[in-house]
Amino acid sequence: MRRKLTARWGLGPNMKPATGLAALAPALLLAAAGASAGEVTVAVAANAAEAAEALAADFEQRTGHRVTVTVGSTGKLYAQILHGAPFDVFLAADQERPRLLLERGLAVADSRRTYAIGRLVLWSSDPTLEASAETLRGGSFRWLAIANPDLAPYGAAARATLRELGLWESLRSKIVVGENVGQSFTMAASGNAELGLVALSSVIDPRNGREGSCWEIPEHLHAPIRQDAVLLDRGGENPAAREFHLFLGSYRARRTIESFGFAVVGHPGLEALSGER
């Protein structure tokens with residue numbers, strides 16, 4: 001699905017507007033990189049779609065550039081890029097596909113960076129059903145939704161978690177699989193599955209919140225879900241795309257990403273360049 005973004009979002013929770021030079025310097029930096037308005041097309045993994053919308057709206061407002069976001073599974077977006085889809089920037093749900101694009105010469109050298117670290121949660125839309133390891137062990141539910149563990153990073157993390165808990169084999173008959181983490185969340189949100197191992201970014205929306213019961217999976221139960229962004233070859237020739245790629249590493253953008261339930265990796269060099277702290 002492709003859509004032009006025009007909505008304007010406010011700051012996320014616990015975010016404060018920048019003041020003085022800290023507020024002015026990033027705008028000057030972006031303006032200096034491209035004085036005239038341009039367009040950038042961003043392909044984004046489904047689990048980061050809402051965060052990408054907020055980032056794109058903020059970027060549009062600050063620069064005058066227009067952003068088009070295409071949302072899909074990382075695997076499908078990767079395949080579209082291989083077949084020449086006109087994307088400038090790719091925000092994946094893993095590290096593997098951006099790395100492969102660099103190896104294939106389809107992305108700008110040294111442009112890969114981790115823009116977010118995903119957090120896996122056990123979630124139920126029913127607040128009376130406790131989302132916990134004890135509930136999983138008890139097995140008093142019909143269905144547990146997870147993303148495809150062979151294709152989706154969150155699915156692989158869900159499988160690893162269940163294996164670490166010693167529950168993978170005993171719960172396999174109760175597991176329903178979505179193509180991606182967005183589909184597994186939809187199963188749980190609709191009540192078709194009482195529980196889902198899904199992305200925290202799906203459960204927490206800083207604009208309106210979610211109801212239900214949630215257990216954030218301890219980090220030692222699965223490998224980190226590092227989500228990388230890369231500037232594609234087409235974007236390397238597009239000043240607006242280069243600005244958006246740079247914006248992803250800014251303090252302001254990282255705070256927005258955090259507000260949607262992700263962890264972030266710092267980029268102190270970019271902070272020094274932009275004047276943001």
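Judged by the mean number of other Cβ atoms found within 10 Å, the most tightly packed of the peptides 49-55, 60-66 leads the ranking 49-55, 60-66. Give me Rg over Rh for the stretch 120-216, both radii from the alpha carbons and Rh done the Kirkwood way, two decimal places. Computed over Cα atoms, the ratio is 0.93.
Restriction of the GluC sites (Glu not before Pro) in the stretch 159-235 to DSSP coil positions whose beta-carbon has at most 13 other beta-carbons within 10 angstrom yields Glu211. Across the stretch 43-137, the convex hull enclosing all Cα atoms gives 141 Å³ per residue. Once backbone amide H atoms are built at 1.01 Å from N, Ala116 has Gln227 as its partners under 5 Å, excluding neighbours fewer than 5 places away on the same chain.
The gain in end-to-end length when the Glu164 to Ala37 segment is fully stretched comes to 40.7 nm, 0.36 nm per residue minus the alpha carbon separation.
When the trypsin sites (Lys or Arg not before Pro) in the stretch 98-188 are filtered for DSSP coil states and for at most 16 other beta-carbon atoms within 10 Å of their beta-carbon, the remaining sites are Arg104, Arg142.
No value in this document is a laboratory result; all are computed from the given coordinates. Given the structure is predicted, the values throughout are model-derived calculations rather than measurements. Don't worry about glycine lacking a Cβ; one is built from the backbone with ideal geometry, like all the others, and counts go over all protein chains shown.
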